[in-house]
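Here's the structure, in C-alpha cells; my notes come after.
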Amino acid sequence: MDQNDISNIINQRNSSLSRLNKLFHSMDLFKGANQNEYHLLSEKILTQLEKGIDLKKIKGILEYELVVRYGLFHYEFDSEQLINDIFNCWKKC
C-alpha cells in the first residue's frame, strides 16, 4: 500500500464522516446545534458501519447514544427512520 492508497482511504473516510454529519444535522436532532455537535455520533456510527455490524446492533448503539449521551427521549426521534437514512447514506459512500 503506497501513500496514494492511504490518502484515498483517508479521504473516503472523511467524506463518509462528513455525509453522516450532514445527515444528522439536517434532521436537527439537537435543536439549534451546529454540525460539529454531531461529530462524535457520526464517528461511532461510521466505525460500526465499517466493521460490518448489522443494522439492528447499530440501531441499539444509536438509541443508546441519543438517549444516554445526548439526553434525548425515545419519542424525540424515530430510530427506524434514522437507521434507514443512515443505511441509504452509507450505500452512497
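Just so you know, all these numbers are worked out from the coordinates, no wet-lab data involved. In this text, all values refer to a predicted model and were calculated from it rather than measured experimentally. FYI the Cβ positions are ideal-geometry reconstructions off the backbone, even for glycines, and counts take in every protein chain you see.
What net charge do the residues around residue 68 carry, taking every other residue with its C-beta under 14 Å from that of residue 68, with Lys and Arg at +1 and Asp and Glu at -1?
Once all neighbours under 14 Å are counted, the net charge is -1.
For the Cα atoms of the chain, what angle does the longest principal axis make with the long axis of helix 39-51, in degrees from 0 to 90, nearest 10?
With rounding to tens, the tilt is 60 degrees.
Show the residues, 5+ positions off or on another chain, whose built amide H is closer than 5 Å to the amide H of residue 72.
Correct list: 67.
Counting Lys +1, Arg +1, Asp -1, Glu -1, what net charge surrounds residue 17 among other residues with beta carbon under 13 Å of its beta carbon?
Working: positive: 13, 19, 22, 44; negative: 43, 50.
Spelling it out: positives minus negatives among the neighbours equals +2.
Expressed as an acute angle from 0 to 90° and rounded to the nearest 10, what is the orientation of the C-alpha long axis of helix 55-64 relative to the principal long axis of the chain?
60
Report, in debye and to the nearest 20, how large the dipole of the chain comes out about its Cα centre when Lys and Arg carry +1 and Asp and Glu carry -1 on their Cβ.
Details: 12 positive and 13 negative charges, 18 e Å.
Approximately 80 debye in magnitude.
Give me the log10 of I(q) over I(0) for the chain at q = 0.12, 0.20, 0.23 Å⁻¹, as the Debye formula computes it from C-alpha points; what are the numbers?
Those come out to -0.37, -0.96, -1.24, one per q.
Pairs of alpha-carbon atoms within less than 8 angstrom and 6+ residues apart define the contacts here; what relative contact order does the chain have, in percent?
Values: 51 pairs, mean separation 29.2, N = 93.
Once normalised by length, the contact order is 31 percent.
Residue by residue through region 66-75, which ³J(HN,Hα) values in whole Hz follow from phi under the Karplus form 6.51 cos²θ - 1.76 cosθ + 1.60 (θ = phi - 60°), with glycine and proline marked x?
Result, ordered by residue: 5, 7, 7, 6, 9, x, 7, 9, 4, 6 Hz.
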